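So the structure is just underneath, and the comments pick up after that.
The values are calculated or read from the model by the stated rules, or taken from the named source; none is laboratory data. Note that the structure is a prediction, hence the values are computed from the model and not measured. For neighbour counting, all protein chains shown are included, and Cβ atoms are generated from backbone atoms with ideal geometry for every residue, glycine included. All accessible areas refer to the heavy atoms of the entire protein, side chains included, with ligands and DNA or RNA removed. Shrake-Rupley method; radii C 1.70, N 1.55, O 1.52, S 1.80 Å.
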Amino acid sequence: MSTSDTAGQTEFPATMGKVSRRELASHGYTRFDQLTTVTAKELSKIHGVGPKAIRILEEELAERGLGFAN
């Protein structure tokens, strides 16, 4: 799978941007349930995962009754 295909292999919404989805996938995060084991601060240290991506992920997690780790 090429890096351009990686972003499309996640559950995360396209509104986050291709770079953030690709970078999350390259770090092993492709599903919302995986994000419950990591803090927003830890995710924000990943290149391409900025405040907008964190906000979108937080909202999506909340809709699923989930949240980032504390």
Within segment 43-70, the residues that are in contact (Cβ under 8 Å) with a residue 12 or more places away in the chain, in a helix (DSSP H, G or I), of a type outside the set (Lys, Arg) and open to solvent by 30 Å² or more (accessible area, probe 1.4 Å) are Glu58, Glu60
Listed by first then second residue, the pairs whose first member lies in segment 23-38 and is within 14 Å of Val49 (Cα to Cα), whose partner is not in a loop (DSSP other than H, G, I, E, B), with beta carbons under 7 Å and at least 6 positions apart or on separate chains, are Ala25/Thr6; Ala25/Ala7; Ala25/Gln9; Ser26/Thr6; Tyr29/Leu35; Thr30/Gln9; Leu35/Leu57; Leu35/Leu61
Within segment 20-45, count every residue that is of a type in the set (A, V, I, L, M, F, W, C) and more than 10 Å from the chain's Cα centre (by Cα).
-> 1
Hey, does segment 15-22 have a residue that's touching a helix residue (DSSP H, G or I) at 6+ places or on another chain (Cβ under 8 Å), assigned to a loop (DSSP other than H, G, I, E, B) and at pLDDT below 95?
-> yes
